[in-house]
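Accompanying notes for the structure given below.
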Amino acid sequence: MSTANRLHDAIAELAGFNDDPAAGGITREVYTPTYRAALDRVAVWMREAGLDVRLDAVGNLFGRWAGTDPGAPLVLTGSHVDTTLNAGRYDGVLGVLGAIEAVHMLRSDGVSPRRSLELVAWAGEEPRFGTGCVGSRAAAGHLERADLDRLCDRDGISMAGALRGAGLDPDRLADARIDPATVHALVELHIEQGAVLESGGQSIGVVTAIAAPHDLRLTLRGAATHAGATPMHLRRDALAGAAEAMIELERLVRASPSGTTVGTVGVVRVRPGAINVVPGEVELDVDIRDSDLAARAGVVKALLTAAKELAARRGLELEATPIVEDAPVTCEPRVVEAVEAAALALDLPCRRMASGAYHDAMVMGSRVPIGMIFVPSAGGISHHPDEHTEPENLERGAHVLAGTLARLAE
Ligand SMILES: [Zn+2]
């Protein structure tokens, strides 16, 4: 079968593993029976590509092509096949099925890699349990056994419980660790999820750095008094204070010296939430990202200072609770150069760029040398049923991945 058809057919078939087709998109959360069925299908495709398949203690699926020098540190590539709710069909999936396609390409080109190649479908890249990338975090040694009881999904199911439900043993968490000395390099193929490549007319993005989030919750407490009977000068309105904090966040992010900082309040919880009551308590879930750690830290610090000042001025109590704080990652120059060389060898227009979204490669980048390959996302749309990448760009991504793997495995 031609490359184009095999990759397209596989992506279309995997899209059929879906817990909510009526919503129009794809819902396939990690550790559900639907996810497991999809993973079993991926394992079959891996075996058809001649790979030795194994599942680790947290459900990361690996497929290995032994190199001619099997003791040499290996080259790892992959992404994820779980989705968020009502999502698209390419996020993560391209990096797994595109890697299988890359193996077919290398085999048909008669390549026999010196280093072993290992493909992986990481478990739980999307944050079912509040934190994303749980599979790669386990592999990188960033998860403790206690975290598996602490991390819960929206129905209160812990990650440990979900693992047991999927036939896995949370007490074997340590077995999922990957010894960094055994990995020469990791490269992840992914859709861009932004519109930089499309607007620039390039078909390949060579990722040089991955931005990481610092997430925190700001809780402002005032007094939930009567909206009619409380004159303005006697109010302690938590929502008015939160609004001021949100505008201040936007101002600070725009003024950040790196020029790449982004800041978002994606969740606002207002209590009691009645039209005739002054809001007494508000929670803001704040996400601040940058590939420049110092710039990101500067915005976080300035936001906390501004929030304290406005809380004091408005008679509000302020509480700041940490959610997650990941380190941005700089891609390894030799991986960046291998990706660029592979794209140029195929005469594909490419550009160097930072990734604004985080990926499993960011988590593994704390332990092993990494790089990423991006292909364009139509309109920059992702995590949505309209997520789309042109078929020729999917194939180009797989081709560039194959060329990159061949270079890294020499
Ligand atoms: Zn993804």
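The values are calculated or read from the model by the stated rules, or taken from the named source; none is laboratory data. For clarity, every value in this text was computed on a predicted model and none was experimentally measured. Cβ placement follows ideal geometry from the backbone for every residue including glycine, while neighbour counts extend to all protein chains displayed.
Looking for whichever is closer than 20 Å to LEU401 by Cβ, modelled with pLDDT of 95 or more and not in a helix (DSSP H, G or I) here; the options are VAL120, VAL103. Which one fits?
VAL120
Which of the helices (runs of 4 or more DSSP H) found entirely inside segment 317-410 contain at least 1 residues meeting this: of a type in the set (Phe, Trp, Tyr) and away from the ligand (no atom under 16 Å from the Cβ)?
Helices (runs of 4 or more DSSP H) meeting the threshold: none at all.
Could you tell me whether ALA398 is surrounded by fewer than 15 Cβ atoms within 10 Å (Cβ to Cβ), aliphatic (A, V, I, L, M), modelled with pLDDT of 95 or more and out of contact with any His (no Cβ under 7 Å at 6 or more places or on another chain)?
No: the conditions fail for ALA398.
Write out, first by first residue and then by second, each pair whose Cβ atoms fall under 6 Å of each other, whose residues are 6+ apart or on separate chains, and whose first residue, in segment 279-293, is more than 12 Å from THR330 (Cα to Cα) while the second is among the hydroxyl-bearing types (Ser, Thr, Tyr) and surrounded by fewer than 23 Cβ atoms within 10 Å (Cβ to Cβ).
Sorted first by the residue in segment 279-293, then by its partner, the pairs are GLU283/THR219; ASP287/THR264.
Within segment 98-113, is even one residue of a type outside the set (Asp, Glu), buried (at least 24 other Cβ atoms within 10 Å of the Cβ), within 15 Å of the ligand (Cβ to nearest atom) and touching a residue at least 24 places away in the same chain (Cβ under 8 Å)?
Looking for residues that are of a type outside the set (Asp, Glu), buried (at least 24 other Cβ atoms within 10 Å of the Cβ), within 15 Å of the ligand (Cβ to nearest atom) and touching a residue at least 24 places away in the same chain (Cβ under 8 Å), one finds at least one in segment 98-113, hence yes.
What's the number of the only condition in (1) farther than 22 Å from ALA140 by Cα; (2) in a loop (DSSP other than H, G, I, E, B); (3) more than 16 Å from the ligand (Cβ to nearest atom); (4) out of contact with any helix residue (DSSP H, G or I) (no Cβ under 9 Å at 6 or more places or on another chain) that GLY71 fails to meet?
Condition (1) is where GLY71 drops out.
Quick one: which residue in LEU220, LEU163 is touching a helix residue (DSSP H, G or I) at 6+ places or on another chain (Cβ under 7 Å), of a type outside the set (D, E, K, R) and in a helix (DSSP H, G or I)?
Exactly one of LEU220, LEU163 is touching a helix residue (DSSP H, G or I) at 6+ places or on another chain (Cβ under 7 Å), of a type outside the set (D, E, K, R) and in a helix (DSSP H, G or I), namely LEU163.
Checking the conditions here, which among THR83, THR77 is within 16 Å of the ligand (Cβ to nearest atom), part of a strand (DSSP E or B) and among the polar types (S, T, N, Q)?
Details: THR83 fails: part of a strand (DSSP E or B).
None of the other options fit; the residue is THR77.
Six or more apart or on different chains, Cβ under 7 Å: which pairs go from a residue in segment 59-82 that's closer than 15 Å to THR182 by Cα to one that's within 16 Å of the ligand (Cβ to nearest atom) and assigned to a loop (DSSP other than H, G, I, E, B)? Could you list them?
none
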